[in-house]
1. Scan the stretch 106-117 residue by residue and report those that are open to solvent by 10 Å² or more (accessible area, probe 1.4 Å) and within 11 Å of the ligand (Cβ to nearest atom).
2. List pairs: first residue in the stretch 308-323 and among the charged types (D, E, K, R), second residue open to solvent by less than 50 Å² (accessible area, probe 1.4 Å) anywhere in the structure, Cβ distance under 7 angstrom, at least six positions apart or on different chains.
3. Looking at the stretch 143-155, can you tell me whether even one residue there is surrounded by fewer than 24 Cβ atoms within 10 Å (Cβ to Cβ), over 22 Å from F86 (Cα atoms) and aromatic (F, W, Y)?
4. Cβ-Cβ under 9 Å, sequence separation 6+ or interchain: first residue in the stretch 103-117 and more than 10 Å from M87 (Cα to Cα) and among the acidic types (D, E), partner within 9 Å of the ligand (Cβ to nearest atom) and open to solvent by less than 40 Å² (accessible area, probe 1.4 Å). Which pairs?
5. Report whether or not V93 is touching a helix residue (DSSP H, G or I) at 6+ places or on another chain (Cβ under 6 Å), within 24 Å of R132 (Cβ to Cβ) and not small (G, A, S).
6. Given V281, V223, V203, which one is modelled with pLDDT of 95 or more, open to solvent by less than 20 Å² (accessible area, probe 1.4 Å) and more than 15 Å from V299 (Cα to Cα)?
7. Considering only the stretch 43-61, I want to know if a residue exists there that is out of contact with any Leu (no Cβ under 9 Å at 6 or more places or on another chain) and within 15 Å of the ligand (Cβ to nearest atom).
8. So which of K67, K29 ends up being away from the ligand (no atom under 16 Å from the Cβ), in contact with a Ser or Thr (Cβ under 9 Å, 6 or more places away or on another chain) and open to solvent by 30 Å² or more (accessible area, probe 1.4 Å)?
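The values are calculated or read from the model by the stated rules, or taken from the named source; none is laboratory data. Everything numeric in this text was worked out from a predicted model, so none of it was measured. All Cβ positions, even for glycine, are placed from backbone atoms using ideal geometry, and neighbour counts span all protein chains on display. The area values use the complete protein model at the heavy-atom level, side chains included, leaving out ligands, DNA and RNA. Shrake-Rupley method; radii C 1.70, N 1.55, O 1.52, S 1.80 Å.
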Amino acid sequence: SKGGYPFYMEKEIMEQPEVIAETIEPRIKDGIPDFAEDEIPDSLLKDCDRVCVVACGTAMHAGLVGKALLQSLVRIHIDVELASEFMYTDTIVDEKTLVIAISQSGETIDTLEALKYAKRNGAKTLSIVNVRGASIARESEYVIYTNAGPEIAVASTKAYTTQLAVLYLLTGRMAYVRGIYDAGRAREFARELLRVPQVVAQVLDRREEIHYIARGILNAKDVFMIGRGLDHSILLEGSLKLKEVSYIHSEAYASGELKHGTIALITEDTPVVAVVTQDKVQSKEFSNIREVQSRGAEVILLMKETYTLDKGTSWAGIFKLPAMRDEFMVMPASAALQLLAYYVSLDKGLDVDKPRNLAKVVTVE
Ligand code: F6R
């Protein structure tokens, strides 16, 4: 049942603090991320030269966050490939490559085929799957389950954030076993990760603020979502979410790339959603926001609560995200973006859980 919510999507968004905790907590031992119970040997994480994620849709977007995390914290080379393109672009994988397949259902045919290709080419394989015993889990050498529970709404929410939780754990463990983090830093990382459920809950408690802000895009034909770095990665997912449940055309853009063409499309009729959570790009991001505002765009701003705004700028809406260490801001910001898409769909009176033309499990190539 929907637990008193009008749609499964809302129920599943609201379940996130609990299922994220259930995904993280059993995998922290002595304060350090640990996959002993998943039977993942440290050698798997230590001996690879490269990581390659294969996935589709939302799961691929989770992979992009994983890429940013592993690249910056573990300093390992990592690619993220669309599973449907992987085999046809002669992707290079070998015995030194750890291929990670990410899939909620564990049955997506493109991801399964990509995994088989990886195995044929000698790669080590690990999958991050939600449905126990699914084909992708069975086909890979190692599996880590997300403890999201059944996801019924077609639009993925809690599966995505639990995939992210696993990617944080992997980042922490890899940094530790590869000697980049000592035990102290690994514990510090895990402590911040353990705060995620409570911080996400704070965003969910304030969902009516997001419901109010969502009115700013209700009647839009086109929406742009802009951000840099991790903010851009999560906006790709936020944009997909808005498209699939509200049928509004939306594009996520790396803010710095706008001026290379797309800014021509920004007018007073294209609301812009901007996410600003990363200290190192904060000031550049705000100048990109000023550029779209000067073209007349109304901007909905999701920003880390500690940032200060110039006086005199007007906003279509502001949501202040509870602060965490920068690399963890993905979690509260993603919850806010899910709610934004949800409320637009709800207020348009659409069938939120069953968007037209979409299936929950995609078993055709
Ligand atoms: C979007 C969505 C899809 C899936 C994609 C992969 O909300 O759910 O983009 O993420 O079809 O599905 P899984 O994760 O089952 O492999």
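1. From the stretch 106-117, those open to solvent by 10 Å² or more (accessible area, probe 1.4 Å) are 107-110, 112-113, 116-117; that's our starting set.
Of everything in the stretch 106-117, those that are open to solvent by 10 Å² or more (accessible area, probe 1.4 Å) and within 11 Å of the ligand (Cβ to nearest atom) turn out to be E107, T108, I109, D110, L112.
2. Correct list of pairs: K320/M303.
3. Looking through the stretch 143-155, at least one residue is surrounded by fewer than 24 Cβ atoms within 10 Å (Cβ to Cβ), over 22 Å from F86 (Cα atoms) and aromatic (F, W, Y).
4. Pairs found: E107/A134; E107/I136.
5. On the way: touching a helix residue (DSSP H, G or I) at 6+ places or on another chain (Cβ under 6 Å): yes; within 24 Å of R132 (Cβ to Cβ): no; not small (G, A, S): yes.
No.
6. Details: V281 fails: open to solvent by less than 20 Å² (accessible area, probe 1.4 Å); V223 fails: more than 15 Å from V299 (Cα to Cα).
The conditions single out V203.
7. yes
8. On the way: K29 fails: in contact with a Ser or Thr (Cβ under 9 Å, 6 or more places away or on another chain).
Going through K67, K29 in turn, the sole match is K67.
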